[in-house]
Amino acid sequence: VAEFQGVEVLNINELANAVKPVVLPGEEMTVMIVKDGKESGQGLAYLDDGTMIVVEGGKKCIGDTVTVTVTSVLQTAAGRMIFAKMKNAINKAV
């Protein structure tokens, strides 16, 4: 309705997505694992903007602040999800 009357309108979802930090695979971040995920061994953490981070092998670190390495980022209708591995787990695999 506002657009028909010549009033400039901002889409709040587009604005929120525009100010979210860009996260790329391979990037390291420090997060606090707050609960277990749906799959076995997963832990969940959240960014300040509410973005969920699924941490492979993070279940054993619930309540701990850990360094993780981003493996992928998925944009869904519900928002963005970040998938990561524990930094120590990556080092052991190499």
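Structure summary
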{"quantity": "Residues satisfying the stated conditions in the range 27-42, i.e. exposed (fewer than 13 other Cβ atoms within 10 Å of the Cβ) and either within 12 Å of Met86 (Cα to Cα) or touching a Leu at 6+ places or on another chain (Cβ under 7 Å) (or both)", "calculated": "Glu28, Thr30, Gly41"}
{"quantity": "Strands (runs of 3 or more DSSP E) (entirely within the chain) containing at least 1 residues that are among the small types (Gly, Ala, Ser)", "calculated": "43-46, 65-76, 79-86"}
{"quantity": "Residues within the range 76-85 that are of a type in the set (S, T, N, Q) and within 10 Å of the chain's Cα centre (by Cα), tallied", "calculated": "0"}
{"quantity": "Test: Ala45 is of a type in the set (A, V, I, L, M) and surrounded by 10 or more Cβ atoms within 10 Å (Cβ to Cβ)", "calculated": "yes"}
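Rule-based calculations on the coordinates, nothing more; no lab input. On a predicted model such as this, the values are computed, not experimentally measured, just so you know. Positions of Cβ are backbone-derived with ideal geometry, glycine not excepted, and every protein chain shown enters the neighbour counts.
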